[in-house]
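Peer 1: Could you have a look at this structure, given as structure tokens, before my questions?
The values are calculated or read from the model by the stated rules, or taken from the named source; none is laboratory data. This one's a predicted model, so the numbers in the text were calculated from it and none came from an experiment. Reconstructed Cβ throughout: ideal geometry from the backbone, glycine too, with neighbour counts over all protein chains shown. Quick note on the areas: whole protein, heavy atoms, side chains included, nothing else; ligands and nucleic acids left out. Shrake-Rupley method; radii C 1.70, N 1.55, O 1.52, S 1.80 Å.
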Amino acid sequence: GCALGGAALAQENPAFDLVVRAPDELRTVLENNLELRRYREVSDLDDAEIARLIVLADKDARELLATQGYFAPDVKITREPGPRTTLVVAVEPGPRTRVGSVDIQFQGDIATSTDPDAAAQREEIRAGWELPVGQPFTQSAWDGAKSQATRQLLARRYPAGRIADSLADIDAPNARAGLGLKLESGPLFRLGSMRITGIERYDPVLVPRLARLPEGMVYDQEKIVDAQLRLAGSGYFDSAFIYVGPQSG
């Protein structure tokens with residue numbers, strides 16, 4: 001009872017009022033994520049502590065703005081006079097950084113293979129890149145584009161693939177971002193022999209006939225999903241799951 005009452009009282013009577021003046025989208029980001037919000041629940045802040053909070057909030061605000069693509073903002077945090085302590089965060093975001101260049105490189109089997117399918121996969125990854133030149137740069141878009149490229153790498157031939165290196169080179173004065181991504185495919189994987197468990201009523205040979213995943217077939221996530229759907233929809237089994245354990249060599 002007492003703890004809840006104290007928490008409610010702190011929320012009803014915050015240590016200071018916080019006002020954010022910024023364009024609508026950025027105001028929402030700052031209001032929801034500024035660390036200053038947490039300190040409103042700290043009672044009896046003195047002038048020195050308020051001054052220290054203002055310094056920390058300036059750095060925090062700039063970091064939050066950078067995630068949205070604003071790397072040269074004008075941020076002013078002031079304490080307004082009045083009966084209650086009011087901190088005002090005023091932001092002029094400046095130009096939004098946009099993607100100026102994209103360089104996607106490969107290493108491992110996908111880089112050296114002469115198989116046309118490897119070349120096609122490289123081009124699909126480059127063509128499917130979700131943060132192209134001219135688009136606004138944000139941290140979430142950058143992370144999403146890298147994740148999508150990695151999923152495309154893992155979907156076929158290279159289930160052990162990974163990001164070897166990535167860099168967003170920010171040119172704040174010119175509001176341009178140079179993006180670099182290096183994907184390591186690892187070795188080409190082929191399907192090994194199929195081990196079947198849980199079969200009681202039917203001949204185990206039925207499963208590979210329905211699955212159509214012959215030993216030696218190049219790994220393809222979509223074909224494996226299709227095989228699982230065929231097994232599950234065949235009417236022979238209550239449920240069916242295919243697990244693939246990547247092993248090189």
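Peer 1: What's the number of the only condition in (1) more than 30 Å from L153 (Cβ to Cβ); (2) touching a Ser or Thr at 6+ places or on another chain (Cβ under 7 Å) that G82 fails to meet?
Peer 2: The single condition G82 does not satisfy is (2).
Peer 1: In addition: Kindly check whether there is at least one residue in the stretch 181-204 that is closer than 30 Å to T97 by Cβ, modelled with pLDDT of 90 or more and open to solvent by 30 Å² or more (accessible area, probe 1.4 Å).
Peer 2: yes
Peer 1: May I ask you to list pairs of residues, at least six apart or on different chains, whose Cβ atoms are under 8 Å apart, with the first in the stretch 20-45 being within 17 Å of G69 (Cβ to Cβ) and the second being open to solvent by less than 70 Å² (accessible area, probe 1.4 Å) and part of a loop (DSSP other than H, G, I, E, B)?
Peer 2: If the second residue must be open to solvent by less than 70 Å² (accessible area, probe 1.4 Å) and part of a loop (DSSP other than H, G, I, E, B), the pairs left are A22/P93; P23/P93; E25/Q68; L26/Q68; L26/Y70; L26/P93; V29/Q68; L30/A22.
Peer 1: Run A119 past the list (1) in contact (Cβ under 8 Å) with a residue 40 or more places away in the chain; (2) touching a Ser or Thr at 6+ places or on another chain (Cβ under 9 Å) and report the number of the one that doesn't hold.
Peer 2: (1)
Peer 1: Need the failing condition index for L56 against (1) open to solvent by less than 50 Å² (accessible area, probe 1.4 Å); (2) touching a Leu at 6+ places or on another chain (Cβ under 9 Å); (3) not hydroxyl-bearing (S, T, Y), just the number.
Peer 2: (1)
Peer 1: Could you please let me know if G69 is at positive phi, touching a strand residue (DSSP E or B) at 6+ places or on another chain (Cβ under 9 Å) and open to solvent by 30 Å² or more (accessible area, probe 1.4 Å)?
Peer 2: no
Peer 1: Further question: Of all residues in the stretch 72-111, how many are at pLDDT below 95 and out of contact with any strand residue (DSSP E or B) (no Cβ under 8 Å at 6 or more places or on another chain)?
Peer 2: Counting residues in the stretch 72-111 that are at pLDDT below 95 and out of contact with any strand residue (DSSP E or B) (no Cβ under 8 Å at 6 or more places or on another chain) gives 3.
Peer 1: Of all the residues that make up the stretch 140-165, how many are free of Cβ contacts under 8 Å to residues at least 40 places away in the same chain and over 14 Å from E130 (Cβ atoms)?
Peer 2: 3
Peer 1: May I ask you to say which residue of L9, L30, L4 is modelled with pLDDT of 95 or more, part of a helix (DSSP H, G or I) and of a type in the set (A, V, I, L, M, F, W, C)?
Peer 2: Within the list L9, L30, L4, the selection yields L30.
Peer 1: Free of Cβ contacts under 8 Å to residues at least 24 places away in the same chain, of a type outside the set (S, T, Y) and either buried (at least 18 other Cβ atoms within 10 Å of the Cβ) or not in a helix (DSSP H, G or I) (or both), is that true of V75?
Peer 2: In short, yes.
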